[in-house]
């Protein structure tokens, strides 16, 4: 192969330099499936490694979808052995992952593939991950996003560089890649699923694009130029959206989300609002999504349909409503605030914090959070609430400490309650003591109400307690009467008075 005189490789070098894809000394992980595009990319970077001053490795991922996929891995491994290139391989059951997370096969495959590729890049010490997207892929994405209604931002198409991902073939056509492979006798594997027209991407590639090329032989370049115009427009409006985001967005690490006041969005033009939503979603994804599945590829698409729902959410008077952007990102309205949060279907390791009261859900919390029920018979002590990762306790204060606490409370030097503990009249305990979550119809007599009861639900609404918090916070019951709603609501019936002889304390830790 005559490297320096190859038009194909000269074009690649120009793309690298024009878009600043690589610098001298870079370590580059190359994603290779065994197909013609990625195999030619591997050979191209190998031929140019000394000219560009780079050190390359190869990573190949088996999706376990096709029966012949193990042969693809073996083929790529053979290439790497032939070229003396470090080789990384991995595999996952994509179909199982897609089913468990309610994803389509393509999205599940991409998530698992990029996770493996990123891990391999880190292991190799690579600052760049080279993928073989080309000009035809660019056109496919443009048309698919036009069909699915992804907004002008998504229509801007594939960038030459996104995070650590670089696309050296972004200015090459598929035909140029095929011609280069044939001219240089580069062998590759053929994926039969690429011809399944039931898959939208294949249908676009095999049916729609050829028809458009018949009408306009420069169709691919036209799409690229149109996308560049859209990108510049999007960048301009995006700067205004990002400025707004920086001004009003509040990160909430405990709940893995970003929140903002809906009032701050009043009067904001819709083009800016759309990009504001997209910015918030991408920032939530980058900060909180498990294993940073999307952070480098930035593949999350906020559709126009998503945006219309978002507009309704802003205007809605309902205190607790939500919708999902995808299987991981939820947009939730909580009174006058909106939260963009990471919420996978399994609700694994979610942390909620409200009124300084922190709760951690276990892996099965989505099922268990409304069902736990613990009893304490006769003897005060502790109850471990596994479902929320907390412990409830009751204990009696010694005489001296109890008198001091009673005096301070009666003289209003400090309050009866905090968010995680409460002092009460110990003699008012009625066993069994029950600890469980909120149930519809619960009523209690909170401090400040001289006579009568109040619905716990109304109390939650008054305090603007988010709906998801209501479902999991412990409620403590003495006998058959609610004694404490463990945010900071003590029942009037067990408060400390002048006639209190023994002071107790109960809390969550």
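Scanning the stretch 258-277 for residues that are touching a helix residue (DSSP H, G or I) at 6+ places or on another chain (Cβ under 6 Å) and either outside any helix (DSSP H, G or I) or under 18 Å from residue 301 (Cβ atoms) (or both) returns 258, 260, 271, 274, 275, 276, 277. Looking only at the stretch 141-168, residues that are crowded, with 21+ Cβ neighbours inside 10 Å and at pLDDT 90 or above come to 4 in all.
The criterion of at least 1 residues that are in contact (Cβ under 8 Å) with a residue 12 or more places away in the chain and under 26 Å from residue 144 (Cβ atoms) is met, among strands (runs of 3 or more DSSP E) falling completely within the stretch 4-117, by 27-31, 55-62. Does residue 81 count as closer than 30 Å to residue 24 by Cα, surrounded by fewer than 19 Cβ atoms within 10 Å (Cβ to Cβ) and in contact with a strand residue (DSSP E or B) (Cβ under 8 Å, 6 or more places away or on another chain)? Yes: the conditions hold for residue 81. Of the residues that make up the stretch 95-113, is at least one closer than 26 Å to residue 175 by Cα and more than 24 Å from the chain's Cα centre (by Cα)? Looking for residues that are closer than 26 Å to residue 175 by Cα and more than 24 Å from the chain's Cα centre (by Cα), one finds none in the stretch 95-113, hence no. Taking the stretch 360-471 and the helices (runs of 4 or more DSSP H) fully enclosed by it, the elements with 2 or more residues that are crowded, with 16+ Cβ neighbours inside 10 Å and modelled with pLDDT of 80 or more are at 399-410, 456-462. Taken over the stretch 50-77, residues that are out of contact with any strand residue (DSSP E or B) (no Cβ under 6 Å at 6 or more places or on another chain), surrounded by fewer than 21 Cβ atoms within 10 Å (Cβ to Cβ) and closer than 23 Å to residue 22 by Cβ amount to 3.
Do any residues in the stretch 264-285 that are without any contact (Cβ under 8 Å) to a residue 24 or more places away in the chain have Cβ atoms under 7 Å from those of residues that are in a helix (DSSP H, G or I), where the two are at least six apart or on different chains, and which pairs are they? Matching pairs, first to second residue: 264/248. The residues on offer are 28, 36, 16, and the sole one that is in contact with a strand residue (DSSP E or B) (Cβ under 7 Å, 6 or more places away or on another chain) and either surrounded by 14 or more Cβ atoms within 10 Å (Cβ to Cβ) or modelled with pLDDT of 95 or more (or both) is 28.
The values are calculated or read from the model by the stated rules, or taken from the named source; none is laboratory data. Model, not experiment: these values are computed from the prediction. Reconstructed Cβ throughout: ideal geometry from the backbone, glycine too, with neighbour counts over all protein chains shown.
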